[in-house]
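Enquirer: Input: one structure, supplied below.
The values are calculated or read from the model by the stated rules, or taken from the named source; none is laboratory data. Please read all numbers here as calculations on a predicted model, not as lab measurements. Counting neighbours? That spans all protein chains shown, and the Cβs are built from the backbone with ideal geometry, glycine included. Just so you know, the surface numbers come from the protein's heavy atoms only, side chains and all, with ligands and any DNA or RNA stripped out. Shrake-Rupley method; radii C 1.70, N 1.55, O 1.52, S 1.80 Å.
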Amino acid sequence: MKDLSKAYESNIEKEIYRKWEETGLFNPDNMDKYLKENGYSVKKPFTITLPPPNANGNLHLGHMCGYSFHDAIGRYMRMTGHPTLLLPGKDHAGIQTETAFTKKLESEGTSKWDLGREEFYKQCYEFCITNASNAREQEKNIGLSADYSREFFTLDPRLTKIVYETFYKMYEDGLAYRDKRIINQCPYCKTALADIDTEHEERRGIFAYIRYPFVDEDGYITVATTRPETMLGDTAVAVNPNDERYKEYIGKKLMLPIANREIPIIADEEVDMEKGTGAVKVTPAHSPVDFDLGQKHELEVINVIDEEGKMTGEIPERFIGLETVECSKKLCAELDELGLLEKIENIKHEVAVCERCRTAIEPIISNQWYVDVSGLAQRSLEELKKDNVSVIPEGQQRALEHFYENIQPWCISRQLWWGQRIPVWYKGGKKKYDEDGGEIYLGENAPDDSGEWEAETDMFDTWFSSGQWPFSTLGGPDGEDFKKYYPTQMMIHARDILFWWSSRMIMMGLYRTNEVPFSKIFLTGMILAPDGSKMSKSKGNGVEPQYIFDKYGADALRLWYYSDALPGSNAPLREEKIKGNRNFVNKIWNASRFIIMNIDESEISSITDHSVDENLDRIKQTKEHISNVSKYLDKFQFNLGAEAIREFFWHTLCDVWIEEIKNEIQDKDIGSDIRIERLSELLYILKENLKIMHPFIPFITEAVWQELVKLELAKGTLMEQQIII
RNA sequence: GGGCGAUUAGCUCAGCUGGCUAGAGCAAUUCGUUUACACCGAAUAGGUCAUAGGUUCAAGUCCUAUAUCGCCCACCA
């Protein structure tokens, strides 16, 4: 009776999404009302704050994957009676966006310096807003049932206010402080980085053996170093006190070549006798290990490298301004001439690099803002141990515990133009404050307009604000939404940001709200390129989500994620697999089409009035199936759920039941009572299947539901139907 | 250097607290259907579950080594 196209056309997805939006039910307040009005039992609200994608580019398949899981859980929760809030947002992503936007400017022939700080900020803001709205459309493409009336950008003044409150409180509690210590400086991004913002990479390097002559006697000690240029900042040579080779020299003085400074020979157990020559040069200003050693032995700290990775300070004139690599070469040449260069070995070694631009990190001494997170890490650890928050898969939980156990002070200031300015004012200037101390004021605006106050120009580490995401988006600890929807239930993201993000959210959540912000962290698998390597722009092996949407539709992509992107595993993109899921989606369409086509218009009222006998075998099996899938969803076993719905719909309903019933109802001699009975049964089974499949594949199931609505065989939208288990 | 995970059909992987005569999808082979669907159906073939020990009535599933691969953490000169 009804003419439906032979194949499901996924281009109707946009229209379906619009239909959902019109119901207003992505807003949990409305959902709550809806449930009450329809006599459904209203269960506890269910909240997930969605990871805000960086507003500096398009979303990739990894984002889509995460949102597929968010959405499946969200829809399932709604359909089981929970007013559900999926709270979306977009992240300003400090350093990442600044790098991306700076590159964009460069490609347009201009630069951030040309624009100036204020104009840069303004244009970057616009850049982000444009990206954010693109991202929002992409989120809708995957079917994300988020409440966009509550969407936030991380630089929203309402959020900034809460972020600032946290900072003020931390300052008052003595947790936030300014300190001078060795930091990771990225010479390209020209900012300090936290340890976690660095990665380690194997690079080619040299290992130079340099002779440091004794001051008071003939002879020398040979030290080995990968960074000869730092010798200009050496303030000691350290040996192991048990090292027979050097024992007698401890306390004596060496003449540092080129710099011509006297430095002592000190003893420390830390020194490895096996490494190099067993004697190690100590440069407190430019090596984290040496910095600690320097503090321990109260050594002088001599800065010889500046923020841009160039030679500086009290060193021979000819080296000033050189890049470290050039300086190293020049020094080696000079040492060789002096007969002080024993040899140079070419080696490969692990080097710390900037997570963003892969530039080798320059450890330098600098004044920065820190947060002492030791206490909060301890609390977080306890919550993990008490199981108030847990990580799926479990293996990663131990990694998180390890992170908390070994946590260091968190450097939260970044020398960027993009982000949230640290709300601090220094009386008489920042430089003066760092050198001699003095008065400091915390607030967005200067305490008075005397002109004595210099504004801090550093920005917060972006994770300082995103670490507060679960409560800042709910209006902070005093917000209306906070009371209703906090703590949230889950956090879902890829495992690469576990330490950056979830670890901080737990700590800051505990700090501001005394509660863990969520009780479960679900780590999705990583989507890899077809060849199993990481997808990256530079390699050009990425696959655009839009390509998949256009070719196979969102549902096919989603179903593939549920099956393959399991927690803790990697999922190489296999187009054949997505295609297989597209075929399944089409199968649903056609089975539904078959049922619809076989219902005569005159039979509709009889069918809808007909009650289905619960004792029928097929009905019993259907109910059992639904309960199984629910159990999988309750345990977040998406792969098993996806497999179950595919298996049941395709190989039981289509291949067996429809075939059985087909023969019966297409028999001209069958009585109309039997026809009605069979068709009612089929329709019931179809509808129940659509419901349980809806969290996984919302578009096709809704598309079919709407066809049923047109025939008055169903009402409303599928997303507001209840799964009764 | 430490931690975690993987190793199951040609390929990509499921297999939860031990009961499997080891599964799925894709690929392959053979048939079928063309008024729900070729984005279809029926069937076939294909694995001593990395290796070696151990626990058990019973091990892909637990334990211990070994090997290969991957990821994460780490301040080493």
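Enquirer: Of all residues being touching a strand residue (DSSP E or B) at 6+ places or on another chain (Cβ under 9 Å) and within 26 Å of A:ARG136 (Cβ to Cβ) in segment A:535-558, which is nearest to RNA strand B (Cβ to nearest atom)? Just the residue, please. Steps first, answer last, please.
Expert: Filtering segment A:535-558 for residues touching a strand residue (DSSP E or B) at 6+ places or on another chain (Cβ under 9 Å) gives A:535, A:541, A:543.
Narrowing the set further to residues that are within 26 Å of A:ARG136 (Cβ to Cβ) leaves A:535, A:543.
Values: A:MET535: 13, A:VAL543: 15 Å.
Checked segment A:535-558; the qualifying residue nearest to RNA strand B (Cβ to nearest atom) is A:MET535.
Enquirer: So, one more: Could you please give the count of residues in segment A:486-531 that are surrounded by 23 or more Cβ atoms within 10 Å (Cβ to Cβ), of a type in the set (Gly, Ala, Ser) and more than 16 Å from the chain's Cα centre (by Cα)?
Expert: 1
Enquirer: Looking only at helices (runs of 4 or more DSSP H) that fall completely inside segment A:629-725, which ones have 3 or more residues that are among the acidic types (Asp, Glu)?
Expert: A:659-665, A:672-693
Enquirer: Oh, and also: Please state which of the following conditions A:ALA194 fails to meet, knowing it meets all the rest: (1) more than 10 Å from RNA strand B (Cβ to nearest atom); (2) open to solvent by less than 50 Å² (accessible area, probe 1.4 Å); (3) within 15 Å of A:GLN368 (Cα to Cα).
Expert: (1)
Enquirer: Sort through A:LYS180, A:LYS161 and tell me the only one that's farther than 30 Å from A:GLY475 by Cα, open to solvent by 50 Å² or more (accessible area, probe 1.4 Å) and either touching a helix residue (DSSP H, G or I) at 6+ places or on another chain (Cβ under 8 Å) or at pLDDT 90 or above (or both).
Expert: A:LYS180
Enquirer: Name the single residue, out of those in segment A:324-356 being within 15 Å of RNA strand B (Cβ to nearest atom) and of a type in the set (Lys, Arg), that is nearest to A:GLU202 (Cα to Cα).
Expert: A:LYS348
Enquirer: What about A:THR160, is it free of Cβ contacts under 8 Å to residues at least 12 places away in the same chain and either assigned to a helix (DSSP H, G or I) or within 23 Å of the chain's Cα centre (by Cα) (or both)?
Expert: When the stated conditions are applied, A:THR160 does not pass them.
Enquirer: Of all residues being among the aliphatic types (A, V, I, L, M) and open to solvent by 60 Å² or more (accessible area, probe 1.4 Å) in segment A:256-295, which is farthest from RNA strand B (Cβ to nearest atom)? Just the residue, please.
Expert: A:MET273
Enquirer: Output the residues belonging to segment A:626-671 that are without any contact (Cβ under 8 Å) to a residue 12 or more places away in the chain and farther than 30 Å from A:TYR67 by Cα.
Expert: Within segment A:626-671, A:ASP655, A:VAL656, A:GLU659, A:GLU660, A:ASN663, A:ASP667, A:LYS668, A:ASP669, A:ILE670, A:GLY671 meet the criteria.
Enquirer: Would you mention how many residues in segment A:41-66 are at pLDDT 90 or above, open to solvent by 30 Å² or more (accessible area, probe 1.4 Å) and touching a Gly at 6+ places or on another chain (Cβ under 7 Å)?
Expert: 2
Enquirer: Mind checking which pairs have a first residue in segment A:560-573 that is within 7 Å of A:GLY525 (Cα to Cα) and a second that is near RNA strand B (Cβ under 9 Å from one of its atoms) and assigned to a loop (DSSP other than H, G, I, E, B), Cβ under 6 Å, 6 or more apart or different chains?
Expert: Here the result reads A:ALA565/A:GLY525; A:LEU566/A:GLY525; A:PRO567/A:PRO393; A:GLY568/A:PRO393; A:SER569/A:GLY525; A:ASN570/A:GLY525; A:ALA571/A:GLY525, each pair linking segment A:560-573 to a residue that is near RNA strand B (Cβ under 9 Å from one of its atoms) and assigned to a loop (DSSP other than H, G, I, E, B).
Enquirer: Follow-up. Being of a type in the set (Phe, Trp, Tyr), more than 23 Å from A:GLU323 (Cα to Cα) and within 13 Å of RNA strand B (Cβ to nearest atom): is that true of A:TYR220 here?
Expert: Judged against the criteria, A:TYR220 is not a match.
Enquirer: Checking A:GLU201 against (1) modelled with pLDDT of 85 or more; (2) near RNA strand B (Cβ under 10 Å from one of its atoms); (3) not hydrophobic (A, V, I, L, M, F, W, C): exactly one of these is not met. Which one?
Expert: (1)
Enquirer: Oh, and also: Take the residues in segment A:223-242 that are touching a strand residue (DSSP E or B) at 6+ places or on another chain (Cβ under 8 Å) and open to solvent by 20 Å² or more (accessible area, probe 1.4 Å), then tell me which one is nearest to RNA strand B (Cβ to nearest atom).
Expert: Out of the qualifying residues, it is A:THR226.
Enquirer: Restricting attention to segment A:365-412, which residues are of a type in the set (Ser, Thr, Tyr) and either under 28 Å from A:ASP290 (Cα atoms) or in contact with a Phe, Trp or Tyr (Cβ under 6 Å, 6 or more places away or on another chain) (or both)?
Expert: Within segment A:365-412, A:SER366, A:TYR370, A:SER374, A:SER380, A:TYR404 meet the criteria.
Enquirer: Select from segment A:559-585 the residues that are open to solvent by 60 Å² or more (accessible area, probe 1.4 Å) and either within 7 Å of RNA strand B (Cβ to nearest atom) or part of a strand (DSSP E or B) (or both) and list them in ascending order.
Expert: A:ASN570, A:ARG574, A:GLU576, A:LYS577, A:ARG582, A:ASN583
Enquirer: If I ask for residues that are in a loop (DSSP other than H, G, I, E, B) and either at pLDDT below 90 or basic (Lys, Arg) (or both), which ones from segment A:79-137 would you list?
Expert: Looking only at segment A:79-137, we keep the residues that are in a loop (DSSP other than H, G, I, E, B), and these are A:80-83, A:88, A:92-93, A:108-111.
Listed by number, the residues that qualify are A:ALA93, A:GLU108, A:GLY109, A:THR110, A:SER111.
Enquirer: Return the residue satisfying two criteria in turn: it lies in segment A:597-608 and is open to solvent by less than 40 Å² (accessible area, probe 1.4 Å) and more than 9 Å from RNA strand B (Cβ to nearest atom), and of such residues it is modelled with the lowest pLDDT. Give the derivation first.
Expert: Pass one, segment A:597-608, residues open to solvent by less than 40 Å² (accessible area, probe 1.4 Å): A:598-599, A:603-604, A:607.
Then keep just the ones that are more than 9 Å from RNA strand B (Cβ to nearest atom); that gives A:599, A:603-604, A:607.
Values: A:ILE599: 86, A:GLU603: 82, A:ILE604: 81, A:ILE607: 78.
Across segment A:597-608, the extreme among qualifying residues is A:ILE607.
Enquirer: Could you give every pair whose Cβ atoms fall below 7 Å, whose first residue belongs to segment A:78-107 and is farther than 23 Å from A:ILE497 by Cβ, and whose second residue is among the hydroxyl-bearing types (Ser, Thr, Tyr), counting only separations of at least 6 or pairs across chains?
Expert: Once the first residue is farther than 23 Å from A:ILE497 by Cβ and sits in segment A:78-107, its partners that are among the hydroxyl-bearing types (Ser, Thr, Tyr) give A:ARG78/A:THR84; A:GLY81/A:TYR40; A:GLY81/A:SER41; A:LEU105/A:SER111.
Enquirer: Further question on the same structure: Find the residue count for segment A:657-707, including only residues that are more than 30 Å from A:ILE73 (Cα to Cα) and open to solvent by 30 Å² or more (accessible area, probe 1.4 Å).
Expert: The qualifying residues number 17.
Enquirer: I would also like to ask the following. Tell me the helices (runs of 4 or more DSSP H) entirely within segment A:458-514 that contain at least 2 residues that are free of Cβ contacts under 8 Å to residues at least 60 places away in the same chain. Walk me through how you get there before you give the answer.
Expert: Values: elements: A:462-466, A:469-472, A:480-485, A:503-513.
Fully inside segment A:458-514 and qualifying: A:480-485, A:503-513.
Enquirer: Out of (1) modelled with pLDDT under 90; (2) over 32 Å from the mean Cα position of the chain (by Cα); (3) open to solvent by 60 Å² or more (accessible area, probe 1.4 Å); (4) within 14 Å of RNA strand B (Cβ to nearest atom), what's the single condition that is false for A:TYR632?
Expert: (2)
Enquirer: Here is a list of conditions, (1) aliphatic (A, V, I, L, M); (2) away from RNA strand B (no atom under 12 Å from the Cβ); (3) surrounded by fewer than 18 Cβ atoms within 10 Å (Cβ to Cβ), and A:ILE626 meets all of them except one; can you say which number that is?
Expert: The one condition A:ILE626 does not meet is (3).
Enquirer: Moving on to the next point. Among the residues of segment A:285-302, count how many are in contact (Cβ under 8 Å) with a residue 60 or more places away in the chain and under 36 Å from the mean Cα position of the chain (by Cα).
Expert: 5
Enquirer: Could you check A:ALA703 against (1) within 17 Å of A:LYS587 (Cβ to Cβ); (2) in contact with an Asp or Glu (Cβ under 7 Å, 6 or more places away or on another chain) and say which number it fails?
Expert: (2)
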